[in-house]
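The values are calculated or read from the model by the stated rules, or taken from the named source; none is laboratory data. A quick note: this is a predicted structure, and the numbers were derived from the prediction, not measured. Cβ sites come from the backbone with ideal geometry, for glycine too, and all protein chains shown count toward neighbours. The protein model used for the area step is the full one, side chains on, heavy atoms only, and it has no ligands, DNA or RNA in it. Shrake-Rupley method; radii C 1.70, N 1.55, O 1.52, S 1.80 Å.
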Amino acid sequence: MVNNKEILRRLCQKSNEARLVALENELQNNNVKFENWNNMAVRIPGAAENVVIVTAHFDAVEGSFGFNDNGMALVAALNMCQQLPHDVEIIFTNDEEKGGGGAQYFLEHSSKHISGCVNLDVIGCFNQIYLDCMNCSAAAALTNCKQGHMPFNDAWVFAEAGIPSVCFSSGPAEMTFQRGIRAVCSTLHNGPNDNNINLMNFKMIPEVISQVRNVIELMKSA
């Protein structure tokens with residue numbers, strides 16, 4: 001049985017260099033084929049030339065363990081690695097906290113046609129999936145996700161390039177989307193949600209993965 005808490009503990013180191021090493025070790029230990037793109041992106045390739053990508057950034061702000069931003073998203077993406085369709089790739093990016101540098105690097109160097117981007121960012125706490133449909137109108141069909149607009153995340157980089165993109169996050173069910181986002185953001189980085197592993201809601205991981213699969217199908221059929 002997968003122990004997501006232990007995976008999270010191994011991944012969330014207090015330097016981005018150590019986080020990258022931990023991520024690569026996790027992939028190697030699970031026999032997952034990957035490519036390191038100049039330490040700016042780690043790609044788990046799909047066989048197709050037309051792909052939907054699932055992204056999660058591995059960097060954290062200085063001094064933070066980054067359990068929620070963005071360790072839990074890394075764990076969710078790792079859970080998906082062994083059952084990827086041939087036309088889906090997973091991309092772990094660097095420098096999201098510095099304006100999306102890893103996402104931009106990947107986009108500039110990818111030779112494949114990217115038909116959609118599903119970004120996972122801050123999925124670790126509370127009890128409700130939040131979804132920003134961005135420029136992917138088909139994603140609005142996911143009515144069991146609380147929908148609204150999120151602050152900057154890697155999906156913006158792909159959306160600005162005209163790629164249908166969405167971002168999944170999580171927040172308190174009892175709040176409106178925007179109030180919930182503000183509440184979550186106030187606890188990130190060097191706050192409690194990023195530095196206390198016991199605040200993570202591991203039930204969010206399979207719930208988010210299920211919605212990621214749903215939105216990928218919506219993107220493919222749009």
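For the chain, the solvent-accessible area of protein heavy atoms averages 43 Å² per residue (probe radius 1.4 Å; ligands and nucleic acids excluded). Evaluated with a Cβ-only charge set (Lys, Arg +1; Asp, Glu -1), region 144-205 carries a dipole of roughly 220 debye about its Cα centre, given to the nearest 20.
Evaluating 6.51 cos²θ - 1.76 cosθ + 1.60 at θ = phi - 60° for every residue in region 121-129, the Karplus couplings come out as 8, 6, 9, x, 10, 6, 9, 9, 6 Hz, glycine and proline recorded as x. Each stretch of four or more DSSP H residues adds -39500 (n - 2.57); spread over every residue of the chain, this sum gives -10000 deg cm²/dmol at 222 nm.
Over region 1-66, Cα pairs under 8 Å with separation of 6+ residues give a relative contact order of 36 percent. Gap in Å between the Cα centre of region 193-222 and the Cα centre of region 127-183? Each part's Cα centre sits 12 Å from the other's. Across the chain, counting alpha-carbon atoms alone, Rg and Dmax equal 15.7, 43 Å.
Solvent-accessible surface (1.4 Å probe) assigned to Phe202 amounts to roughly 50 Å².
Anisotropy class assigned to region 60-153 is rounded, per the alpha carbon gyration tensor with a/c under the 1.5 cut-off. Once you put a point 7 Å from the Cα of Asp87 and another 7 Å from the Cα of Ala47, both along the Cβ direction, what distance in nm separates them? If labels sit at Asp87 and Ala47, their model points lie 1.4 nm apart.
Before anything else, pin down the relative contact order of region 86-206: Cα pairs under 8 Å, at least 6 apart, normalised by residue count, whole percent.
On the way: 176 pairs, mean separation 35.6, N = 121.
Relative contact order comes out at 29 percent.
Proximity of backbone amide H atoms, modeled 1.01 Å from N, is registered between Gln128 and Gly171, Ala173 at under 5 Å, excluding neighbours fewer than 5 places apart on the same chain. Residue ranges 126-137, 31-42 sort as 126-137, 31-42 when ordered by packing (mean number of other C-beta atoms within 10 Å per residue, highest first).
How much of the accessible area of region 147-222, probe 1.4 Å, is carbon plus sulfur, in whole percent?
Details: 1960 of 3530 Å².
Here it works out to 56 percent.
Considering only Gly171, Asn50, Asn127, and ranking their Cα positions along the charge dipole of the chain that arises from unit charges at the beta-carbon of Lys, Arg, Asp and Glu, the one farthest toward the positive end is Asn127. Loop-located trypsin sites (Lys or Arg not before Pro) in region 129-221 (DSSP state not H, G, I, E or B) with no more than 14 neighbouring Cβ atoms inside 10 Å: Lys203.
Long hydrophobic helices in the chain, taken as whole DSSP H segments with a C-alpha length of 24 Å or more on their own axis and mean Kyte-Doolittle hydropathy at least -1.0: 204-221. Less than 5 angstrom separates the built amide H of Ile90 from those of Ile44, Val54, all sequence-distant by 5 or more or on a different chain.
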